[in-house]
Amino acid sequence: MSRPVFRFAPSPNGQLHLGHARSALINDALSRASGGRLLLRIEDIDATRCRPEFETGIYEDFAWLGLDWEQPVRRQSQHFADYRSALARLETLDLIYPSFETRGDIRRAVAERSGWPSDPDGAPLFPFSRAAMSAAERARRVAAGEPYALRLDMARAVETAVAVAGPLGWQEVEAAGGTTRLVAADPLAWGDVILARKEVPTSYHLAVVVDDALQGVTHVVRGADLKAATSVHRLLQVLLGLPAPLYTHHALLLDAEGRKLSKSIGSQSLAALRAGGMSPAEVRRTALEGLR
Ligand code: GLU
């Protein structure tokens, strides 16, 4: 039997903190326990926010923590052709369309509608409809060089996927204990998500799904903040004919005020903890503290 494949997939848009260490350490422990492999993937599609020094920092942190990862590391920015072929397949299925509304247009439309729903991440659902503009007009505006986002026609995508595969769901393996249960996917809660932009031929959702499949990832282990996104990932896997990995969404590490760690709230980086004299063993203990 082939070995299980795990991955840790950070974005080099800041320094890693203890929350990242938790994810990486759980992946490491689970891959070791199952005789599996651990891949490190650099999710650097956002050229405006990702920086080489943060990528170097990731390797330094990993080495310092005593984590081992396979070479070569896959860097998403080097694989745009793979994402373009996935988009082409979705286009053949008539499931994506260019939309031209700016963030400002979206904000104003949402402000005019009281109680307009948000997606699971708290961003307002796309408040416009594909049907409001003809395909010919959209094509004309793309050809004219206007900026656009490629959006998934969510209603049609779900209908298509359900017709192929039946009700959408995924197998969630509990981090503690390893029991598996089926979680129903609810991609409609995300509305017409962006899958690419004029200048970047992918998005987080698309790249993660394409890469997990191309790299043969069998176990996706990541923080609970990404659990809701798995609904979109399962949908894309069905539409693109990709295998379904098993998923584990582990509890997030919270600070003393109960907030999820992040650079924006000033959570200390692993590099800062290291400079402050914390040992790898202490980082391991703190990162895993409170997990059952
Ligand atoms: N790159 C994503 C992040 O840093 C994680 C992707 C994933 O684990 O699916 O939040």
I'd like the orientation of helix 80-92 relative to the chain: the angle between its Cα long axis and the longest Cα principal axis, in ° from 0 to 90, rounded to 10.
40
Contact order normalised by residue count of the chain, Cα under 8 Å, 6+ apart, percent
25
With just the Cα atoms defining each centre, how far is segment 1-50 from segment 95-125? Give it in Å.
31
May I ask which residue of L87, A24, P12 lies farthest towards the positive end of the charge dipole of segment 1-87, with charges of +1 (Lys, Arg) and -1 (Asp, Glu) on Cβ and the Cα centre as origin?
L87
For the chain, take the longest principal axis of its alpha carbons; what is the angle in degrees between that and the long axis of helix 204-214, to the nearest 10 within 0 to 90?
70
So how tilted is helix 52-65 from the main axis of the chain? Cα-based, degrees 0 to 90, rounded to 10.
40
Using a Förster distance of 41 angstrom, determine the FRET efficiency expected from the C-beta separation of D68 and S134, and round it to 0.05.
0.15
Note: A144 to T48 extended length (0.36 nm per residue) minus current alpha-carbon separation gives 32.1 nm
May I ask you to give the average projected area over all directions of the convex hull of the Cα atoms of segment 59-100, in nm² rounded to one decimal?
5.2
For N13 and R156, what does the FRET efficiency come to when R0 = 51 Å and r is the distance between their Cβ atoms, rounded to the nearest 0.05?
0.95
Given 0.36 nm per residue, what is the gain on full extension from A281 to R259 after removing their alpha carbon distance, in nm?
5.5 nm
Looking at the chain only, what percent of DSSP beta bridges run antiparallel? Nearest 5 please.
50
To the nearest 0.05, the calculated FRET efficiency linking R113 and E60 through their beta-carbon distance, R0 being 51 Å, is 0.60
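If you keep only loop residues by DSSP, which trypsin sites (Lys or Arg not before Pro) in segment 134-241 have at most 15 other Cβ atoms within 10 Å of their Cβ?
On the way: sites: R138, R140, R141, R151, R156, R181, R197, K198, R222, K227, R234; in loops: K198, K227.
Loop-located and lightly packed - K198.
The numbers here are math on the coordinates, done by the rules we state, and not lab data. Here the structure is a predicted model, which means the values were calculated and not measured. For neighbour counting, all protein chains shown are included, and Cβ atoms are generated from backbone atoms with ideal geometry for every residue, glycine included.
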